[in-house]
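The values are calculated or read from the model by the stated rules, or taken from the named source; none is laboratory data. All values derive from a computational prediction rather than experimental measurement. Positions of Cβ are backbone-derived with ideal geometry, glycine not excepted, and every protein chain shown enters the neighbour counts.
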Amino acid sequence: MKYLFLSLFFVAGVAEAKSTFLDSINRTKWGDLEVVWIEDSKFPRFTASIMFQDGAITDPVAGLTQATLDLFASGTSKENQRELSEFFDFYGANIKHTVTHEYSVMSVQALTKDITPVISKVCEIFKDARFPEDELNSYVSRSKSHLRNLVTSHSALADRIYRNLSLKNTAYDRPVEGTLLSFEKMTSTLLKERLDLLNRTKKVLYISGPPEIKAMKNILGKNCNWSNQNNAAVGTLKKPTEESVIYLAEVPGDANQAQIRIGRYLTLDEVKGKHDQFQFLSTFLGGGFTSKLVQELRVKRGLTYSAGAYVSMQRDYGRAGIITFSKNETTAEAISIIRDVFAEVGAGLVSKKEFEHQQNHLIGGYAFGFEETTAFLGQIMQYDHQGRDLKELVNFPQTIKNLTPTSLSQASYEVFPWERMTILVLGDKSLVKSLSRIRPVKIINYEDFL
Amino acid sequence: MKILFLLLLLAGCSSVDKKPKSLADSINLDVRELKLENGMTALVVPNAKLPIFSLYLFYKVGGKNEVPGITGASHFLEHMMFKGTAKFGKNSMDFLIEGSGGSTNAYTTNDQTVYYENLPSAELTTILDIESDRLANLNLDEDEFNKERAVVLEERKMRYENAPKGQLYLEMILTLFKNTPYGTAVIGEIPDLKSVTRDQIHQYFKKFYAPNNLTLVLVGDVNEEKAKQLISQKFGPIPSSPSVVAAHAELKDEMFEPKLKSDIVIDKKGESPSPIFMLAYPTYKVGHPKGYALDVLSSILGSGKSSSLINEYTLIKKPVTTSIYAAHQQLEKAGFFFIGGEMVRGVKLEEFRKDLTSKLKSFCETEITPRNIQKIKNNYLTDLYAGLDTNAGLAQFLGDRQLLFGDWRFYKQELQLYENVTVKDVKEICQETFLKPSVFVSVWNQHK
């Protein structure tokens with residue numbers, strides 16, 4: 001049981017247990033296919049995640065990879081969508097996918113006893129998916145309608161608009177999910193070509209489950225017809241357009257609360273080698289009830305229900321941001337407070353007590369990342385994708401322990417320079433007056449971002 | 001039987017028949033129970049796989065216990081429970097918990113208020129100290145109370161006023177359970193949230209926060225004896241409350257029976273460019289034998305891509321809905337079956353509503369097949385694995401059963417009841433349910 005190894009790792013000293021920790025991760029090759037396996041016999045089920053090193057960045061039409069995987073089981077030459085759904089549902093198989101600009105992942109979770117039928121069927125679809133026109137047209141109709149209805153979730157709409165604004169003119173500015181216009185351009189042929197490309201793209205398989213999971217090797221080798229001809233997709237890196245304004249996306253109706261997004265795009269040079277330092281920064285600013293922003297915005301002033309910060313890093317770029325909301329009357333105040341917090345942390349005005357508190361928070365919580373094997377595999381996947389050595393994961397508690405208040409203020413200064421922040425407020429147009437005291441306000445139409 | 005294997009691994013069964021007669025007779029979750037003299041129940045499940053644990057505290061108090069004028073009191077109090085005690089000063093609980101690497105949160109429903117923490121093993125004494133102290137000596141500071149009022153109002157705006165999907169759900173609950181104790185907003189009505197006083201919340205706290213209204217569940221890397229000793233030491237001296245017993249006794253089952261006499265259709269204006277909708281039928285309270293067939297029915301109709309409603313309205317050449325689902329929700333004293341979704345732009349709402357209510361009746365004849373029922377049982381198993389994968393998942397599973405059924409062992413009966421569900425059971429409950437008066441709510445920007 002690998003959990004035992006992990007347990008030993010936490011109880012024993014770090015140096016002593018390093019090799020044990022890494023030994024719980026099995027790396028092998030099944031033909032051309034790289035495989036990462038963690039044994040987990042807690043339940044008689046398995047998870048298999050295939051990571052394609054290509055994503056939305058090479059989509060000829062925005063949203064194509066997403067649509068390809070959304071419609072993955074929409075029909076083959078032998079079975080229609082209903083029959084395929086019926087097959088997977090009957091086995092209780094859960095098939096999910098994630099598409100980012102840099103990579104795509106398809107995960108299959110099912111009972112171990114059903115490995116053969118479930119994985120064989122997945123392979124069959126990879127080889128023979130047809131993307132029938134009727135199913136595609138239905139998908140396009142539903143997707144467009146759903147996108148037009150995104151305004152029912154102000155938070156989701158703000159995320160979409162902010163993402164687009166903060167990545168404007170970079171290689172990543174087209175939405176992974178597609179747009180109202182791009183859906184019109186999708187054809188069965190394009191989807192088929194996209195799936196063929198994924199079949200040939202460099203890929204890595206991450207699996208967890210009991211030892212019987214190794215049966216997958218023969219099934220994949222015999223049925224999936226995958227190759228690794230294509231290297232990882234890389235975008236043309238450009239600098240984003242940064243405008244010193246507050247974008248105000250007006251929503252219909254009488255919104256009495258405004259969504260706030262503040263942040264920016266980070267280049268690879270800014271991110272490289274600083275993953276753990278930036279993770280600490282995001283925890284310090286918005287990683288829990290005791291984080292700086294939650295204390296300042298919610299606990300001290302009652303301006304919001306929640307506030308969060310992130311510095312997310314991909315292989316070739318990163319994004320940093322603050323997510324919160326406030327009532328109309330206090331939206332400008334909330335933004336000013338966030339600005340002040342950036343300035344304060346950037347200037348090193350952080351007490352030893354609050355610094356050490358967040359260090360302990362992150363170090364003490366380290367073990368939770370290993371409770372579910374699938375979450376552990378997810379971490380490995382991210383490290384692999386970013387080209388990081390897993391020893392960094394082993395050393396994470398020590399790395400955080402070694403950070404200093406100066407390194408925190410330096411990170412904040414680098415990641416959140418106020419004059420370079422993209423600021424989006426989504427809410428009522430009456431906010432113009434109060435927001436313009438902070439920066440010039442540029443009103444945008446949310447529908448332009450659908 | 002894979003579920004047997006699951007539970008063996010999960011908690012170390014003491015004895016298992018090789019050829020079990022039934023699923024329920026074959027499994028034994030290894031839960032160590034502790035009953036204190038003050039009426040408190042504690043459940044402990046040691047699991048030393050990682051040096052962490054999850055602690056859940058289930059208080060049997062929620063929206064149904066509130067009276068006009070103090071709607072939202074349970075939820076407001078949930079917020080105030082993080083604001084300090086005599087021993088742990090203002091906001092210090094969060095700092096203690098997060099400062100050791102842990103996390104904490106809470107939620108409030110119609111029936112219960114639940115507090116939970118996930119922490120490294122070394123913090124057991126500290127967290128039991130915190131939890132017992134906030135039960136015995138909660139500080140309801142006036143300034144903090146008023147500051148938190150603003151936070152709760154923001155939460156309400158986020159979940160309802162500015163969220164059409166929240167408006168939809170709330171309207172459905174308020175209508176379906178009108179004039180019953182479930183017919184209120186758990187988060188509270190705005191005038192009540194603005195006017196409720198610190199003293200009213202304090203009275204509410206004194207009435208319902210007592211060890212004889214609490215179930216504590218601890219799962220993870222803990223020593224059973226030490227944990228029991230600590231729980232007894234920290235919670236044992238806290239007196240029980242006779243008033244809470246009386247308060248629960250006042251809520252008679254008949255008070256919760258929905259008063260619907262005929263179908264109700266509500267058009268609610270809201271900022272949704274396409275209509276979003278919910279159609280709800282009253283069912284039975286949790287634990288009712290028919291509830292299990294209703295669960296199976298909801299999965300057949302609206303769970304997974306092969307389900308009936310999705311193939312009728314969504315995955316078709318000219319889709320009517322962008323999404324549609326069915327669910328069966330059981331509360332302590334009542335239940336409801338509901339179907340919800342989002343319509344494709346341009347589809348006529350009234351035509352759809354009529355078609356949906358009519359199709360539901362016909363599904364009782366066409367969709368309840370042995371294969372479909374077996375499919376749902378297979379899925380139930382994989383869902384159960386997912387739910388019990390973490391300390392927190394198991395703690396919640398046990399606590400829910402202890403609170404709602406009065407005995408965590410009820411899961412055995414539940415498994416047996418699911419196993420016994422037949423085509424006939426599901427057909428009968430399908431026909432019964434869809435002949436009842438219903439509530440159909442839609443939110444759309446075209447409504448007046």
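Yes/no per residue for (1) at pLDDT below 95; (2) under 25 Å from A:Gln382 (Cβ atoms); (3) in contact with a Leu (Cβ under 8 Å, 6 or more places away or on another chain):
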| residue | (1), (2), (3) |
| --- | --- |
| A:Asp316 | yes, yes, yes |
| A:Arg319 | yes, yes, yes |
| A:Thr331 | no, no, yes |
| A:Ala334 | no, no, yes |
| A:Ile338 | no, no, yes |
| A:Phe342 | no, no, no |
| A:Ser351 | yes, no, no |
| A:Phe355 | no, no, yes |
| A:Gln358 | no, yes, no |
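Anything in region B:79-92 that is of a type outside the set (Gly, Ala, Ser), more than 8 Å from every other protein chain (Cβ to nearest Cβ) and under 20 Å from B:Phe208 (Cβ atoms)? List them, or say none. It would help to see each step written out before you state the result.
Step one: of region B:79-92, the residues of a type outside the set (Gly, Ala, Ser) are B:79-83, B:85, B:87-88, B:90-91.
Then drop every residue that is not more than 8 Å from every other protein chain (Cβ to nearest Cβ), which leaves B:79-81, B:83, B:85, B:87-88, B:90.
Within region B:79-92, B:His79, B:Met80, B:Met81, B:Lys83, B:Thr85 qualify.
Residues in region A:242-273 that are closer than 12 Å to A:Ser312 by Cα and in a strand (DSSP E or B): A:Gly263, A:Arg264, A:Tyr265, A:Leu266, A:Thr267.
Determine, yes or no, whether A:Ser351 is within 14 Å of chain B (Cβ to nearest Cβ) and surrounded by fewer than 16 Cβ atoms within 10 Å (Cβ to Cβ). So that I can check it myself, show each step before the final result.
On the way: within 14 Å of chain B (Cβ to nearest Cβ): yes; surrounded by fewer than 16 Cβ atoms within 10 Å (Cβ to Cβ): yes.
Judged against the criteria, A:Ser351 is a match.
Does A:Thr324 satisfy the criteria of being of a type in the set (S, T, N, Q), within 14 Å of another protein chain (Cβ to nearest Cβ) and touching a helix residue (DSSP H, G or I) at 6+ places or on another chain (Cβ under 7 Å)? Answer is yes for this residue.
When we screen B:Lys90, B:Lys83 for residues that are surrounded by 19 or more Cβ atoms within 10 Å (Cβ to Cβ), part of a loop (DSSP other than H, G, I, E, B) and at pLDDT below 95, the only hit is B:Lys83.
The residues in region A:168-196 that are among the polar types (S, T, N, Q) and not in a helix (DSSP H, G or I) can be counted, and the count is 4. Looking at (1) in contact (Cβ under 8 Å) with a residue 40 or more places away in the chain; (2) of a type in the set (A, V, I, L, M, F, W, C); (3) under 28 Å from B:Lys318 (Cα atoms), which is the only condition A:Phe88 fails? The failed condition is (1). As a summary of the residue check, B:Gly101 satisfies the conditions (1) within 21 Å of B:Gln229 (Cβ to Cβ); (2) more than 26 Å from the chain's Cα centre (by Cα); (3) crowded, with 22+ Cβ neighbours inside 10 Å except for the one numbered (1). When each of B:Leu417, B:Leu398 is tested for being more than 9 Å from every other protein chain (Cβ to nearest Cβ) and either out of contact with any Leu (no Cβ under 8 Å at 6 or more places or on another chain) or assigned to a strand (DSSP E or B) (or both), the lone residue that passes is B:Leu417. Which one is farthest from A:Phe183 (Cα to Cα), of the residues in region A:64-85 that are of a type outside the set (A, V, I, L, M) and in contact with a strand residue (DSSP E or B) (Cβ under 9 Å, 6 or more places away or on another chain)? Applying the filter and picking the extreme gives A:Glu83. Within region B:275-305, restricting attention to residues that are within 8 Å of chain A (Cβ to nearest Cβ) and at pLDDT below 95, the residue that is farthest from the chain's Cα centre (by Cα) is B:Lys305. For region A:295-312, taking the residues that are surrounded by 23 or more Cβ atoms within 10 Å (Cβ to Cβ) and within 30 Å of A:Met381 (Cβ to Cβ), the one that is nearest to the other protein chains (Cβ to nearest Cβ) is identified as A:Ala307. In region A:197-218, the count of residues that are at pLDDT 95 or above, assigned to a helix (DSSP H, G or I), among the basic types (Lys, Arg) and within 30 Å of A:Asp114 (Cα to Cα) is zero.
Checking A:Asp54, A:Asp70 one by one, the residue that is touching a residue at least 12 places away in the same chain (Cβ under 8 Å), touching a Ser or Thr at 6+ places or on another chain (Cβ under 9 Å) and crowded, with 21+ Cβ neighbours inside 10 Å is A:Asp54 and no other. Within region B:255-267, identify whether any single residue is charged (D, E, K, R) and touching a His at 6+ places or on another chain (Cβ under 9 Å), and answer yes or no. Checked against the condition, which is being charged (D, E, K, R) and touching a His at 6+ places or on another chain (Cβ under 9 Å), region B:255-267 yields at least one hit.
Taking B:Thr125 as the residue in question, decide whether it is in contact with a helix residue (DSSP H, G or I) (Cβ under 8 Å, 6 or more places away or on another chain) and surrounded by fewer than 19 Cβ atoms within 10 Å (Cβ to Cβ).
When the stated conditions are applied, B:Thr125 passes them.
If you go through region A:284-294 and keep only what is out of contact with any Gly (no Cβ under 6 Å at 6 or more places or on another chain) and either hydrophobic (A, V, I, L, M, F, W, C) or away from chain B (no Cβ under 14 Å) (or both), you end up with A:Phe284, A:Leu285, A:Phe289, A:Val294. Out of region A:110-139, which residues are within 25 Å of A:Gly63 (Cα to Cα) and not in a helix (DSSP H, G or I)? A:Ala129, A:Arg130, A:Phe131, A:Pro132, listed by residue number. Does at least one position in region A:121-133 carry a residue that is among the β-branched types (Val, Ile, Thr) and under 25 Å from A:Ala48 (Cα atoms)? Yes, there is a match, as at least one residue in region A:121-133 is among the β-branched types (Val, Ile, Thr) and under 25 Å from A:Ala48 (Cα atoms).
Looking for whichever is away from chain B (no Cβ under 14 Å) and surrounded by fewer than 15 Cβ atoms within 10 Å (Cβ to Cβ) here; the options are A:Thr399, A:Thr422, A:Thr404. Which one fits?
Working: A:Thr399 fails: surrounded by fewer than 15 Cβ atoms within 10 Å (Cβ to Cβ); A:Thr422 fails: surrounded by fewer than 15 Cβ atoms within 10 Å (Cβ to Cβ).
From the options A:Thr399, A:Thr422, A:Thr404, the qualifying one is A:Thr404.
The number of residues in region B:109-155 being within 14 Å of chain A (Cβ to nearest Cβ), in contact (Cβ under 8 Å) with a residue 40 or more places away in the chain and closer than 30 Å to B:Leu404 by Cβ comes to 12. Among the residues of region A:155-163, is any touching a Gly at 6+ places or on another chain (Cβ under 7 Å) and among the acidic types (Asp, Glu)? There is no residue in region A:155-163 that is touching a Gly at 6+ places or on another chain (Cβ under 7 Å) and among the acidic types (Asp, Glu). Modelled with pLDDT of 95 or more and of a type outside the set (D, E, K, R), is that true of A:Pro44? So A:Pro44 fails the test. So, in region B:365-395, how many residues would count as being of a type in the set (Ser, Thr, Tyr) and either facing chain A (nearest Cβ under 9 Å) or in contact with a Gly (Cβ under 8 Å, 6 or more places away or on another chain) (or both)? The number of residues fulfilling the criteria is 4.
Quick check on this structure: which one of B:Leu96, B:Leu119, B:Leu57 is within 25 Å of B:Asn223 (Cβ to Cβ) and surrounded by fewer than 22 Cβ atoms within 10 Å (Cβ to Cβ)?
Numbers: B:Leu119 fails: surrounded by fewer than 22 Cβ atoms within 10 Å (Cβ to Cβ); B:Leu57 fails: surrounded by fewer than 22 Cβ atoms within 10 Å (Cβ to Cβ).
On inspection, the qualifying residue turns out to be B:Leu96.
Looking at this structure, is A:Val345 touching a Phe, Trp or Tyr at 6+ places or on another chain (Cβ under 8 Å) and more than 14 Å from chain B (Cβ to nearest Cβ)? The answer is yes for A:Val345.
Here is a list: A:Lys96, A:Lys121, A:Lys113. Which entry is under 26 Å from B:Ala386 (Cα atoms), free of Cβ contacts under 8 Å to residues at least 60 places away in the same chain and surrounded by fewer than 19 Cβ atoms within 10 Å (Cβ to Cβ)? Please lay out each step first, then the result.
Values: A:Lys121 fails: surrounded by fewer than 19 Cβ atoms within 10 Å (Cβ to Cβ); A:Lys113 fails: free of Cβ contacts under 8 Å to residues at least 60 places away in the same chain.
That would be A:Lys96, the only listed residue that is under 26 Å from B:Ala386 (Cα atoms), free of Cβ contacts under 8 Å to residues at least 60 places away in the same chain and surrounded by fewer than 19 Cβ atoms within 10 Å (Cβ to Cβ).
The number of residues in region B:213-230 that are surrounded by fewer than 18 Cβ atoms within 10 Å (Cβ to Cβ) and of a type outside the set (Lys, Arg) comes to 4.
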